[in-house]
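Notes follow the structure.
The values are calculated or read from the model by the stated rules, or taken from the named source; none is laboratory data. These numbers come from a predicted model, not from an experiment. Using ideal geometry, Cβ is built from the backbone for each residue, glycine included, and neighbour counts are taken over all protein chains shown.
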Amino acid sequence: MNKAVFLDRDGVINEEGPIEEHVFFKDLKIIAGAVEAVKAFNKMKFKVIIVSNQPAVARALCTEDDIKKTMTDIIRYFKKHGAVIDAYYYCPHHPEKKYGGNMQYRVDCSCRKPKPGMLIQAAREHNIDLKKSYMIGDTTRDIAAGKAAGCKTIVVRTEYAGNDNAADASPDFIIDLIEHAMSVIE
């Protein structure tokens, strides 16, 4: 079985910003050290998989095709710089109907973090041993999803730095920058 490093997208590999400003690749700023970190995970023989909540679809700020194009552009960018991202998974849903938007995406699903649906699907599709894998994120939602899937968890002190209080979860490790992850990953 494979082992994986699951990465949240916004706040971990690219800077977080207002939701409408991080829908398209041209608007993203890749965090310094993210490419080097992915290269290190590649050398350590981990599958690298992005798992990201993308509620901009539910808010009708973009389409799923827009998200897929942005994810493909991110993978292409990393590959151009010698780093391989093996796959991506995203959740276009948001359960809060009070904000309007695209109501078909306003559902309580199993893929939206803090639920582990994306990680479990990736494990099934890529033959991943979740107990030998890591979830790296900047929010308690990321950490809760990783814990629920059986992964070790790492919070990065970027953006939310695990202080969002969106889920009741504590990480196994805390690091300042994504490139510091190699100091805790076995």
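Structural remarks
- Residue list for region 56-92, filter: touching a residue at least 40 places away in the same chain (Cβ under 8 Å), within 17 Å of the chain's Cα centre (by Cα) and assigned to a loop (DSSP other than H, G, I, E, B): 57, 83, 84, 85, 86
- Close pairs from region 103-130: first in contact (Cβ under 8 Å) with a residue 60 or more places away in the chain and closer than 22 Å to residue 60 by Cβ, partner surrounded by 19 or more Cβ atoms within 10 Å (Cβ to Cβ) and of a type in the set (S, T, N, Q), Cβ under 6 Å, at least 6 apart: 113/53
- Scanning region 46-53 finds one or more residues that are of a type in the set (Phe, Trp, Tyr), within 23 Å of residue 186 (Cβ to Cβ) and modelled with pLDDT of 95 or more.
- Residue count for region 132-156 satisfying the condition of being of a type in the set (Gly, Ala, Ser), under 23 Å from residue 15 (Cβ atoms) and in a loop (DSSP other than H, G, I, E, B): 0.
- From the options 129, 172, 168, residue that is exposed (fewer than 15 other Cβ atoms within 10 Å of the Cβ), modelled with pLDDT of 95 or more, of a type in the set (Asp, Glu) and farther than 17 Å from residue 9 by Cα: 129
- In region 17-45, the residues that are closer than 23 Å to residue 57 by Cβ and modelled with pLDDT under 95 form Cβ pairs under 7 Å with partners that are surrounded by 15 or more Cβ atoms within 10 Å (Cβ to Cβ) and basic (Lys, Arg), at six or more places apart or across chains, as follows: 19/59.
- Annotation note: of 169, 161, the sole residue that is over 14 Å from residue 7 (Cβ atoms), in contact with a helix residue (DSSP H, G or I) (Cβ under 9 Å, 6 or more places away or on another chain) and assigned to a loop (DSSP other than H, G, I, E, B) is 169.
- All told, residue 101 falls short of being surrounded by fewer than 19 Cβ atoms within 10 Å (Cβ to Cβ) and within 24 Å of residue 160 (Cα to Cα).
- The set of residues from region 38-54 being crowded, with 20+ Cβ neighbours inside 10 Å and of a type outside the set (A, V, I, L, M) comprises 41, 46, 47, 52, 53, 54.
- Whether a residue is among the charged types (D, E, K, R), out of contact with any Asp or Glu (no Cβ under 6 Å at 6 or more places or on another chain), more than 20 Å from residue 116 (Cβ to Cβ) and in a loop (DSSP other than H, G, I, E, B) was assessed, and residue 39 does not pass this test.
Listed here are the residues, each with its yes/no results for (1) in contact with a strand residue (DSSP E or B) (Cβ under 8 Å, 6 or more places away or on another chain); (2) surrounded by fewer than 21 Cβ atoms within 10 Å (Cβ to Cβ).
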{"residue": "76", "(1), (2)": "no, yes"}
{"residue": "84", "(1), (2)": "yes, yes"}
{"residue": "88", "(1), (2)": "yes, no"}
{"residue": "107", "(1), (2)": "no, yes"}
{"residue": "110", "(1), (2)": "no, yes"}
{"residue": "116", "(1), (2)": "no, no"}
{"residue": "143", "(1), (2)": "yes, no"}
{"residue": "153", "(1), (2)": "yes, no"}
